[in-house]
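Colleague: Here it is, the structure, as structure tokens.
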Amino acid sequence: MEGKIAILDLGTNTFNLLIAEVAPGGSYVFLRKTKEIVKLAEGSDDLKSIAERPFRRGLDAIKKLALICKDYDVHSIYAFGTSAIRSASNGADFIQQIKIKTGINVNILSGSDEAKLIYEGVKNSMDLGADKSLIMDIGGGSIEFIIANRDEIFWHQSLEVGAARLLQQFSPSDPIKISETEAIHNYLQTAFTPVFLAAKEHGVSCLVGSSGAFSTFAKVVGFKYRDSDIWEKNTFCEIEIPQFHEIYNSFLSSNSVQISEMKGMAVFRIEMISISAICTHAIIKAMPIRKLMVSKFALKEGILSNLMSQSHPTNVLLSSNK
């Protein structure tokens, strides 16, 4: 495989595009990364269906991303739908409309395959080492958890407790109230039980956050403690646990306007950043986590890695649009 290819990760909150140029021999360079805000969960009941407005918004987003692919003369597009599309009753209709409007075929990833591909992305951004780490990817519709080291996955599970689902379920105030935070924490103590049990069995002490909200955590910490964009030259970084606790408390004590003024804050994450921080805090609080690492790479980079890999292919059908 060589030439320009595109990866489309159709998430619950954002549609993400990665364009790469693959050279003979399998090396590649990133040409473009961009995203469109879609909020597919808006106006729906626990993502049972995609409401009319986000349905149209999603199609408009795909059209924009397809035009970018055309501008870059991409010869193959690999498109994948995740939690919102796979759980919505009209997800198949949404995929069909994408095909009609753009000619792009969308493959639906299972939660299990999504977790495996996230692992592929993370291990290409950093050395996970020989010890086992808990990888956590907070999406809008689901959260993927993977226990792994640099060589293999020991356990993984996708839980339908994403930030958008929690936001709809609890409808927190602005700023979030202490009682609301406690209610979400209590809910997560039950929802995360499989993760707690698996982490205890495997002896996990390091949490690795995969892109998304964790990238925003890293940027806020970078500007707060180092006065710089932590991602400028790095594909991974460490957030000291006390630093995370400090920004966690800042998110929970601030309203949306105050959060928007935090240096490093991504505008499209303002609505769900406190929920994402609560999810992360629930994991750190319940486990002997001594280290918090953040990977810049996630699903789309994992898909690209999987395409390039011949020795350890993930069991995912990677059909392209040429």
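Colleague: Please determine whether any residue of the range 5-25 is surrounded by 14 or more Cβ atoms within 10 Å (Cβ to Cβ), over 18 Å from PHE80 (Cβ atoms) and either under 21 Å from the mean Cα position of the chain (by Cα) or outside the structural domain of PHE80 (by TED's automatic domain parsing) (or both).
Modeller: For the range 5-25, residues surrounded by 14 or more Cβ atoms within 10 Å (Cβ to Cβ), over 18 Å from PHE80 (Cβ atoms) and either under 21 Å from the mean Cα position of the chain (by Cα) or outside the structural domain of PHE80 (by TED's automatic domain parsing) (or both): absent.
Colleague: In the same structural domain as ASP131 (by TED's automatic domain parsing), over 25 Å from ASN13 (Cβ atoms), surrounded by 15 or more Cβ atoms within 10 Å (Cβ to Cβ) and out of contact with any Gly (no Cβ under 9 Å at 6 or more places or on another chain), is that true of ALA199?
Modeller: So ALA199 fits the description; yes.
Colleague: Sticking with this structure for a sec: State all residues of the range 88-136 that are more than 20 Å from GLY212 (Cβ to Cβ) and part of a loop (DSSP other than H, G, I, E, B); if no residue qualifies, say none.
Modeller: ALA88, SER89, ASN90, GLY103, ILE104, ASN105, ASP127, GLY129, ALA130, ASP131, LYS132
Colleague: Tell me whether the range 57-67 contains one or more residues that are assigned to a loop (DSSP other than H, G, I, E, B) and either surrounded by 14 or more Cβ atoms within 10 Å (Cβ to Cβ) or in contact (Cβ under 8 Å) with a residue 60 or more places away in the chain (or both).
Modeller: no
Colleague: If you go through the range 147-196, how many residues are in contact with a Lys or Arg (Cβ under 8 Å, 6 or more places away or on another chain), surrounded by 19 or more Cβ atoms within 10 Å (Cβ to Cβ) and either modelled with pLDDT of 95 or more or not assigned by TED's automatic domain parsing to the domain that holds ASN255 (or both)?
Modeller: Going through the range 147-196 one residue at a time, the tally reaches 3.
Colleague: Follow-up question, since we're still on this one. Go through ILE289, ILE283 for me and flag whichever is in contact (Cβ under 8 Å) with a residue 24 or more places away in the chain, under 18 Å from LYS132 (Cα atoms) and part of a helix (DSSP H, G or I).
Modeller: Only one candidate qualifies: ILE283.
Colleague: Yes or no: the range 24-32 includes at least one residue that is in a loop (DSSP other than H, G, I, E, B), at pLDDT below 95 and under 18 Å from GLY141 (Cα atoms).
Modeller: No, the range 24-32 contains no residue that is in a loop (DSSP other than H, G, I, E, B), at pLDDT below 95 and under 18 Å from GLY141 (Cα atoms).
The values are calculated or read from the model by the stated rules, or taken from the named source; none is laboratory data. Here the structure is a predicted model, which means the values were calculated and not measured. Please note: Cβ atoms are built from the backbone with ideal geometry, for glycine as well, and neighbour counts cover all protein chains shown.
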